[in-house]
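The values are calculated or read from the model by the stated rules, or taken from the named source; none is laboratory data. Not measured: the values here are computed from a predicted model. Positions of Cβ are generated from backbone atoms using ideal geometry, with glycine treated the same way; all protein chains shown enter the neighbour counts.
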Amino acid sequence: MAALPLAASAAPAPVPLTVTKRSLKVHGRAASVYGLTGPDGRAGLTLGPASPFSVMVKNQCGVPTIIHWHGQTPSAAQDGVVETGYAGPIADGASRSYDFTPRPGTYWMHSHLGLQEQALMAAPLIIHSSENGDSAQDIVVLLHDFIFDDPEEILSNLQRRGGGSMQGMMGQGAAGMMGGGMGGTMPGMDLNDIDFDAYLANDRTLSDPEIVRAKAGDPLRLRLINGATATAFWIDLGGLEGQLVAVDGDPVQPLTVRKFPLAGAQRADILLRLPASGAFPIFAQREGGRARTGIVLATPGSEIPKFAEAADTLCPPCGWQLEARLAAARPLAPRPPQRQYQTRLTGSMMGYDWGIDGRQWADRQPLTVSGGERVTINIVNDTMMSHPMHLHGHRFQVVALNGTPIAGAMRDTVLVLPRASVRIAFDADNPGRWLFHCHNLYHMAAGMMTELIYS
Ligand SMILES: [Cu+2]
C-alpha cells in the first residue's frame, strides 16, 4: 500500500490549453479573434512520442466553447462536441480535462460550437512518433480564411438571400479539372460562396509571411493543415519537390509532389530539403482564384524577396488530382462489409438548404451500425459544390471514386466532388454517437450533418 501515494503523485499533470480572446492585425487593420495556446505560449499542442493526451482546457475567451480534436479517436464523450449529448459547452472561466491515447501524426483542434472556428478558434495538434521522418525539422503551417464581417451575419445573409447573390461567388460555368483520369472539365460547378478578406498561414498574410530558416540539405517535415472554414487550397511548393508521406495524419505510400489540392480540414505531411542557399516560398492558393497565402523557407542569411498576394494565374478547382493517386501505407485489413450505406449530399448555393438525404440536422436520419462491423458509406454528391465530408471518431479508407475501386488513403475528411461519389470503408470500433458532416462551416451550420450511432 505504501507505493500507492507515490504512484499517484508520479502521474504527470495535464498539459494546459488556454482558449483566449486576442487581437490580430490583418492588412494593418485590427481584428478581434480567438486563440488556443499551449504551455509554451504557442498555438496548439505538440506532444512527444508515447505521451498520453492528458490536457486541461481552460476557457478564458469570454464565451462558452468546446474544442474538438479533429481526426483523433477518443471515446465519444471526449470528442469535444455538444451535438451528440455527452457534454455541454465549457463555460467562460471553467476548465475541462481530457485523457486518451492519441494517434501520432498531423492533427488539429478547433471549436465545434457555433461559428467560432471562423474567428480563428483553431490550432495545430501535432503528435510525434518515433517513426522515420520525425527526426526532421518540423514546420507546421495552419491555413485559414479570414473575414472582418461577423460570421453570424455572413450565414444569415447566405440563408436569406441565397449564396448565389453573395459577391464572392464564382458563379456557374467555372471550369473544373478533376484530373487523375477521373474526369474532365466540369461546367456548372459552384465554388467559394464567401468573399474572404485575407488568407492566412500561421496568422499571417503573404505580404508579411512567416520566415522559417533552415540549412540547405537539412531534412524538413512540412505539416500542412487546412484550417479554413470554407476554402480548399492548391498547395504549391514553389518549384521545390517533396515527398508526400502522410495525409490526415495517416501514412501513405510516398509520392513525389510539387503542386496538389488540400481540401478543408485535410492535412498533408511533406518531406523535403532546400536544394541550395536562397528563399523558397510555400504557397496555398485558393481554388478557382488567384488569392494566396504562404510561408517562406530560407537558408540562414538569405534575402527574402516580396511575394505578391495574388498569383499570376487562376488555379483550377480542387479535385481528385491527388486523391486518385493515394494509397494507404497501413490500409484496412481486407474484409467484406457487413453494412453498406448510401447517403446523398443535397441542397444548393442558391437555397442554402444544404443537407444529407434531403434532411437538415434537426430532421436527421442517423446511420446505425453495430460494434465490430465493417461499414461502407457511398457518399453521392447531388449538388453543384464540393463537400469535404468528415466522420468523427473513426479512420476510414477511401475505397472508390465514382464507383471505380481504389485502395486509397486512410483519412478523416474526404472531398466529394459535384455530381460524383466517394465510397469510404471503416471498422465500427469506437462505440457511441458520432457526427458525420460537411466540414464547410457554413454548410454544416445550414444543416449538412447527421449522426453515426452504434445500436
Ligand atoms: Cu459542404
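Here are the numbers for this structure:
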{"quantity": "The range 375-415, subset aliphatic (A, V, I, L, M), within 16 Å of the ligand (Cβ to nearest atom) and not in a strand (DSSP E or B), residue nearest to MET444 (Cα to Cα)", "calculated": "MET385"}
{"quantity": "ASP269 under 30 Å from HIS27 (Cα atoms) and modelled with pLDDT of 95 or more", "calculated": "yes"}
{"quantity": "Number of the condition not met by MET350 [criteria: (1) modelled with pLDDT of 95 or more; (2) more than 14 Å from the ligand (Cβ to nearest atom); (3) of a type in the set (A, V, I, L, M, F, W, C)]", "calculated": "(1)"}
{"quantity": "Filter result for GLN365 (part of a loop (DSSP other than H, G, I, E, B), of a type outside the set (Val, Ile, Thr) and away from the ligand (no atom under 13 Å from the Cβ))", "calculated": "yes"}
{"quantity": "Failed item, numbered, when MET444 is tested on (1) surrounded by fewer than 24 Cβ atoms within 10 Å (Cβ to Cβ); (2) within 14 Å of the ligand (Cβ to nearest atom); (3) part of a loop (DSSP other than H, G, I, E, B)", "calculated": "(3)"}
{"quantity": "Count - residues of the range 82-108 that are surrounded by fewer than 23 Cβ atoms within 10 Å (Cβ to Cβ), under 30 Å from GLN365 (Cα atoms) and touching a His at 6+ places or on another chain (Cβ under 9 Å)", "calculated": "3"}
{"quantity": "Tabulated pairs, the range 388-404, first closer than 19 Å to GLU287 by Cβ, second among the acidic types (Asp, Glu) and more than 16 Å from the ligand (Cβ to nearest atom), C-beta under 7 angstrom, 6+ apart or interchain", "calculated": "LEU401/GLU323"}
{"quantity": "Failed condition for LEU314, given (1) surrounded by fewer than 18 Cβ atoms within 10 Å (Cβ to Cβ); (2) under 18 Å from VAL398 (Cβ atoms)", "calculated": "(2)"}
{"quantity": "Among the residues listed as ALA265, ALA232, the single one being of a type in the set (A, V, I, L, M) and under 26 Å from GLU131 (Cα atoms)", "calculated": "ALA265"}
{"quantity": "Matching residues in the range 224-243 - criterion: being in a strand (DSSP E or B) and surrounded by fewer than 23 Cβ atoms within 10 Å (Cβ to Cβ)", "calculated": "TRP234, ASP236, GLN243"}
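Condition check ((1) modelled with pLDDT under 95; (2) of a type in the set (S, T, N, Q)) across all residues:
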| position | (1), (2) |
| --- | --- |
| THR20 | no, yes |
| VAL33 | no, no |
| GLY41 | no, no |
| ALA50 | yes, no |
| MET56 | no, no |
